[in-house]
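Asker: Quick one: structure below, then a few questions.
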Amino acid sequence: MAQNLSSSAQKVQDALNAFGLTCRVVEMPQTTRTADDAARAVGCTVGQIVKSLIFIGKQSGRPVLVATSGANRVDKKKLADLIGESPGRADADFVRKTTGYAIGGVPPTGHVQNITVFIDEDLIQYEEIWAAAGTPRAVFKLTPRDLLKITGGKVVAVK
């Protein structure tokens, strides 16, 4: 029997369904807000967690999502080279306005605006990865191939 999801988690499930994926959003009893929390909750390595980080182009104001391995930090110089301008970390209001989700639950897909996506090449090595699904307690399992499909992202070196 299907789990009743919160409205934010259901929006992510609907986005996944629209891609024809069989991924299932699950809401955990414990927090999955950080990569460490999520890895503990689902029983995987921190490297298998997809952190969906929103940056903002300092000159253009354009949003950029970096789907990075939970084990990595984004090198802002590398990101600047990719986007052609200095990136800034987006504040909570900008993240919610561009994605429709709060920080700590931003999924890699299903956003309210079209966002340029870069995918950390380190995620490609795993058979399965886990991403946030709209709330600080919701996640879903997917493959790197699924991540490419749902984001249209470009695989790059970001650390």
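The values are calculated or read from the model by the stated rules, or taken from the named source; none is laboratory data. Predicted, not measured: the structure shown is a model, and the values here were computed from it. Using ideal geometry, Cβ is built from the backbone for each residue, glycine included, and neighbour counts are taken over all protein chains shown.
Asker: Condition first: more than 17 Å from ASP14 (Cα to Cα), part of a loop (DSSP other than H, G, I, E, B) and touching a residue at least 12 places away in the same chain (Cβ under 8 Å). Now tell me which residues in the stretch 85-100 satisfy that.
Answerer: Residues of the stretch 85-100 that are more than 17 Å from ASP14 (Cα to Cα), as a first pass: 85-98.
Subsequent filtering for residues that are part of a loop (DSSP other than H, G, I, E, B) retains 85-86, 90-91.
Residues satisfying the conditions are GLU85, SER86, ALA90.
Asker: Please pick out the residue among ARG33, ARG40, ARG24 that is over 17 Å from the mean Cα position of the chain (by Cα) and not aliphatic (A, V, I, L, M). Give the derivation first.
Answerer: Working: ARG33 fails: over 17 Å from the mean Cα position of the chain (by Cα); ARG24 fails: over 17 Å from the mean Cα position of the chain (by Cα).
Within the list ARG33, ARG40, ARG24, the selection yields ARG40.
Asker: Can you find a residue that is crowded, with 19+ Cβ neighbours inside 10 Å, touching a Pro at 6+ places or on another chain (Cβ under 8 Å), in contact (Cβ under 8 Å) with a residue 40 or more places away in the chain and farther than 18 Å from THR143 by Cα anywhere in the stretch 52-64?
Answerer: Checked against the condition, which is being crowded, with 19+ Cβ neighbours inside 10 Å, touching a Pro at 6+ places or on another chain (Cβ under 8 Å), in contact (Cβ under 8 Å) with a residue 40 or more places away in the chain and farther than 18 Å from THR143 by Cα, the stretch 52-64 yields at least one hit.
Asker: Okay, next question. Among the residues of the stretch 72-123 satisfying the criterion of being in contact with a Leu (Cβ under 7 Å, 6 or more places away or on another chain) and among the hydrophobic types (A, V, I, L, M, F, W, C), which is surrounded by the most Cβ atoms within 10 Å (Cβ to Cβ)?
Answerer: Across the stretch 72-123, the extreme among qualifying residues is LEU123.
Asker: Further question: Quickly run through the stretch 68-105 and pick out the residues that are within 19 Å of VAL155 (Cα to Cα) and within 15 Å of the chain's Cα centre (by Cα).
Answerer: Matches in the stretch 68-105: THR68, SER69, GLY70, ALA71, ASN72, ARG73, VAL74.
Asker: Shifting gears a bit: Given the condition surrounded by fewer than 16 Cβ atoms within 10 Å (Cβ to Cβ), of a type outside the set (S, T, N, Q) and at negative phi, answer yes or no: does some residue in the stretch 133-144 qualify?
Answerer: no
Asker: Still on this structure: Would you mention how many residues in the stretch 22-44 are part of a loop (DSSP other than H, G, I, E, B) and either small (Gly, Ala, Ser) or in contact with a helix residue (DSSP H, G or I) (Cβ under 6 Å, 6 or more places away or on another chain) (or both)?
Answerer: First, the residues of the stretch 22-44 that are part of a loop (DSSP other than H, G, I, E, B): 22-24, 28-34, 43-44.
Restricting the remaining residues to those that are either small (Gly, Ala, Ser) or in contact with a helix residue (DSSP H, G or I) (Cβ under 6 Å, 6 or more places away or on another chain) (or both) gives 23, 28, 30-32, 43.
Matching residues across the stretch 22-44 total 6.
Asker: Something else: Within the bounds of the stretch 131-146, is there any residue that is within 12 Å of the chain's Cα centre (by Cα) and modelled with pLDDT under 95?
Answerer: No, the stretch 131-146 contains no residue that is within 12 Å of the chain's Cα centre (by Cα) and modelled with pLDDT under 95.
Asker: Right, something else. Regarding ALA35, is this residue among the hydrophobic types (A, V, I, L, M, F, W, C), within 18 Å of GLY100 (Cα to Cα), free of Cβ contacts under 8 Å to residues at least 40 places away in the same chain and out of contact with any Pro (no Cβ under 9 Å at 6 or more places or on another chain)? Write out each step before concluding.
Answerer: On the way: among the hydrophobic types (A, V, I, L, M, F, W, C): yes; within 18 Å of GLY100 (Cα to Cα): no; free of Cβ contacts under 8 Å to residues at least 40 places away in the same chain: yes; out of contact with any Pro (no Cβ under 9 Å at 6 or more places or on another chain): yes.
So ALA35 does not fit the description; no.
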